[in-house]
Amino acid sequence: MKTELTISPQRINEIALSEHQAISEKTGAVVTFSGIVRGQEGESQISAINYESFDKMVEHQFKLIFSEISKHWPIESIRLVHRIGTIKVNEVSLWVEIIASHRKEAFAACQYLINEMKNRVPIWKTPIKR
Amino acid sequence: MKITVRFWSYFVDLTGCKQTCIEVDQGITLGQLHEQVCEQFPKLTAAKNSTLKVVDVDYQNSNFVLSDSNEVSFFPPVQGG
């Protein structure tokens, strides 16, 4: 299984990323997910979120999750980009792409990846109020 | 032995520092170190039960026995995405 992980303060360019899909003759499904910064956190209106990460551990934990996915589902490729730093409302904070032969495993792996990320990958958010 | 302890997220505000070096006895467990750190930085006590405990880059439980090459991190629940 191919994997590509990017943790960066750079703006996520979904169009550019989609132009580099690693599609093969076996590919039957490409699932992508974009996480967008909402304008509301709880009761507060916000203008942005500041994301902080423990980079070395982030990489390690994502690799563990990728490895678990490869054992559970026949996935061809995973690409994940998580932006850090200050991200404005309506901008993309997370982009995930899962490529597989069938949609069932692609959706399942995507859901698992995001759920596990939220449980154990050390990234924290600080909302910036309007 | 000396253990480097790092804090992340709002734990930096609660402790007033990103990291500290703590002198501990050989054979100390991660849980015992956590107790010691909460005594030194009492504002962490309220978050004690939800604190995530890490040795180097892996989560560990309170019974993990530390060695002097370990770097410990304490932080609140994560929120990626």
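Helix-only arithmetic for chain A: the sum of -39500 (n - 2.57) across DSSP H runs with n ≥ 4, divided by the residue total, places the mean residue ellipticity at 222 nm at -10000 deg cm²/dmol. Pairing chain B with chain A buries about 1500 Å² of accessible area. This figure sums both sides and uses a 1.4 Å probe.
Full extension of the segment from residue A:29 to residue A:16, taken as 0.36 nm per residue of separation minus the current Cα-Cα distance, would add 2.8 nm.
Determine the residues within segment A:84-130 where the difference in accessible area between the chain on its own and the full set of protein chains amounts to at least 50 Å²; count protein heavy atoms only and use a 1.4 Å probe. With the partner chains in place, segment A:84-130 has these residues losing at least 50 Å²: A:118, A:124, A:125.
Give the accessible area for residue A:17 in Å² (nearest 10); use a 1.4 Å probe, count only protein heavy atoms, and leave out ligands, DNA and RNA. About 30 Å², ignoring ligands and nucleic acids. Residues A:4, A:97, B:71, sorted by accessible area with the largest first, give A:4, B:71, A:97 [1.4 Å probe; ligands and nucleic acids excluded].
Taking all protein chains as present, what is the carbon and sulfur share of the accessible area of segment A:1-74, in % to the nearest whole number, probe 1.4 Å?
On the way: 2190 of 4720 Å².
Of the solvent-accessible surface of segment A:1-74, carbon and sulfur hold 46 percent.
If you roll a 1.4 angstrom probe over the protein chains with everything in place, what fraction of the accessible area of chain B belongs to carbon and sulfur, to the nearest %?
Exposed carbon and sulfur together represent 45 percent of the surface.
Inter-label distance, residue B:2 to residue B:25: 2.1 nm, where each label sits 7 Å from its Cα along the C-beta direction.
In the context of the full protein assembly, residue A:24 retains an accessible surface of approximately 50 Å², using a probe radius of 1.4 Å and ignoring ligands and nucleic acids.
The mean count of C-beta atoms from other chains within 10 Å of the C-beta of residues in A:48-61, rounded to a whole number, is 3.
Mind scanning A:125/B:48; A:71/B:18; A:118/B:18; A:2/A:118 and naming the pairs with a C-alpha gap bigger than 25 Å? Among A:125/B:48; A:71/B:18; A:118/B:18; A:2/A:118, the Cα-Cα distance tops 25 Å for A:71/B:18.
Can you list which of the trypsin sites (Lys or Arg not before Pro) found in segment A:1-38 are DSSP loop residues with at most 15 other C-beta atoms within 10 Å? Don't skip to the answer; put the middle values down first.
Details: sites: A:2, A:11, A:26, A:38; in loops: A:11, A:26, A:38.
When the trypsin sites (Lys or Arg not before Pro) of segment A:1-38 are filtered for loop state and at most 15 Cβ neighbours within 10 Å, A:11, A:26, A:38 remain.
Remark: chain A carries 55 Å² of accessible area per residue (probe radius 1.4 Å; ligands, DNA and RNA excluded).
Normalising by the residue count of segment A:2-129, find the relative contact order in percent from Cα pairs under 8 Å and 6+ residues apart.
Details: 243 pairs, mean separation 52.6, N = 128.
The value is 41 percent.
With a cut-off of at most 11 other beta carbons within 10 Å, and DSSP calling the residue loop, which trypsin sites (Lys or Arg not before Pro) in segment B:13-81 qualify? Please list them. It would help to have the intermediate numbers written out before the result.
On the way: sites: B:18, B:43, B:48, B:53; in loops: B:18.
Here the sparse-neighbourhood loop sites are B:18.
The residues of chain B have, on average, 51 Å² of accessible surface per residue, using a 1.4 Å probe with all protein chains present. Each part reduced to its alpha carbon centroid, segment A:8-42 and segment A:67-95 end up 7 Å apart. Take residue A:1: with every protein chain present and a 1.4 Å probe, its accessible area is about 90 Å².
The values are calculated or read from the model by the stated rules, or taken from the named source; none is laboratory data. Predicted model, so just to flag it, every value in this text is computed and none were measured. Because the Cβ atoms are built from the backbone with ideal geometry, glycine has one as well, and the counts that use them run over all protein chains shown. Note: accessible area is taken over every heavy atom of the protein model, side chains too, but ligands, DNA and RNA are not part of it. Shrake-Rupley method; radii C 1.70, N 1.55, O 1.52, S 1.80 Å.
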